[in-house]
1. Would you pick out the residues in the stretch 20-37 that are surrounded by fewer than 14 Cβ atoms within 10 Å (Cβ to Cβ) and either modelled with pLDDT of 95 or more or in contact with a strand residue (DSSP E or B) (Cβ under 7 Å, 6 or more places away or on another chain) (or both)?
2. So Leu20 ticks every box in (1) closer than 15 Å to Arg71 by Cα; (2) in a loop (DSSP other than H, G, I, E, B); (3) in contact (Cβ under 8 Å) with a residue 24 or more places away in the chain but one. Which box is left unticked?
3. Going residue by residue through the stretch 27-50, is there one that turns out to be among the β-branched types (Val, Ile, Thr) and within 10 Å of the chain's Cα centre (by Cα)?
4. Any idea which residue in the stretch 77-103 is nearest to Gly9 (Cα to Cα), counting only those that are touching a strand residue (DSSP E or B) at 6+ places or on another chain (Cβ under 7 Å) and in a loop (DSSP other than H, G, I, E, B)?
5. Identify all residues within the stretch 103-113 that are of a type outside the set (A, V, I, L, M, F, W, C) and open to solvent by 60 Å² or more (accessible area, probe 1.4 Å); write none if there are none.
6. Assess whether Gly15 counts as being more than 12 Å from Ser70 (Cβ to Cβ), open to solvent by 30 Å² or more (accessible area, probe 1.4 Å) and part of a loop (DSSP other than H, G, I, E, B).
7. Give me a count of the residues in the stretch 38-51 that are buried (at least 21 other Cβ atoms within 10 Å of the Cβ) and either hydroxyl-bearing (Ser, Thr, Tyr) or out of contact with any Phe, Trp or Tyr (no Cβ under 7 Å at 6 or more places or on another chain) (or both).
8. Given Asp72, Asp89, which one is more than 10 Å from the chain's Cα centre (by Cα) and open to solvent by less than 20 Å² (accessible area, probe 1.4 Å)?
Amino acid sequence: QVQLVESGGGLVQPGGSLRLSCAASGTILRSRTMGWYRQAPGKQRELVAWITGSGTAYYVNSVKGRFTISRDNVKDTVYLQMNSLKPEDTAVYYCNGLGIHSLGWGQGTQVTVSS
C-alpha cells in the first residue's frame, strides 16, 4: 500500500522558516515529478512548487524567492524549505506526484504563520 507522509509543519512567526519533508512507503519517489500543494481554510488545494526527477524546480509566483523545493534521491525524500513566511502561507501542506506520477493524498502537515 502506497502512503505519503508529510512532516515538519508547525507554528512560526511571520518572517520565520520551516522545512517540510515528504517520504513514501510502498513506492519510490526519485523518478517522479513531485510537488508540494497547500490548502488554506475555505480555499481549494493549490500547487505551489514542483520538481522533476532530474531536479528542475518550478514555483508559483506567490512563493518564488521564498520557498525552495529539493530532493534527496538517496533518502528518496522531497523537501520544501520555506523562508520569509507570511500569514497567508498558513495552510495544510501536502506532497504528491504530478499527473501520471500521482500517488494519492497523505494527511498533510499544518503550517501556521502567526504572531
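The values are calculated or read from the model by the stated rules, or taken from the named source; none is laboratory data. This structure is a prediction, so every number in the text was calculated from the model and none was measured. Glycine gets a Cβ as well: all are built from the backbone with ideal geometry, and neighbour counts include every protein chain shown. Ligands, DNA and RNA are stripped out before the accessible areas are found, and what is left, the full protein with its side chains, is counted by its heavy atoms. Shrake-Rupley method; radii C 1.70, N 1.55, O 1.52, S 1.80 Å.
1. Ser25, Gly26
2. Looking at each condition in turn, Leu20 falls short on (2).
3. Yes, some residue in the stretch 27-50 is among the β-branched types (Val, Ile, Thr) and within 10 Å of the chain's Cα centre (by Cα).
4. Result: Thr90.
5. Answer for the stretch 103-113, where residues must be of a type outside the set (A, V, I, L, M, F, W, C) and open to solvent by 60 Å² or more (accessible area, probe 1.4 Å): Gln107, Gln110.
6. yes
7. Of the residues in that region, 1 qualify.
8. Step by step, each of Asp72, Asp89 is checked, and only Asp89 is more than 10 Å from the chain's Cα centre (by Cα) and open to solvent by less than 20 Å² (accessible area, probe 1.4 Å).
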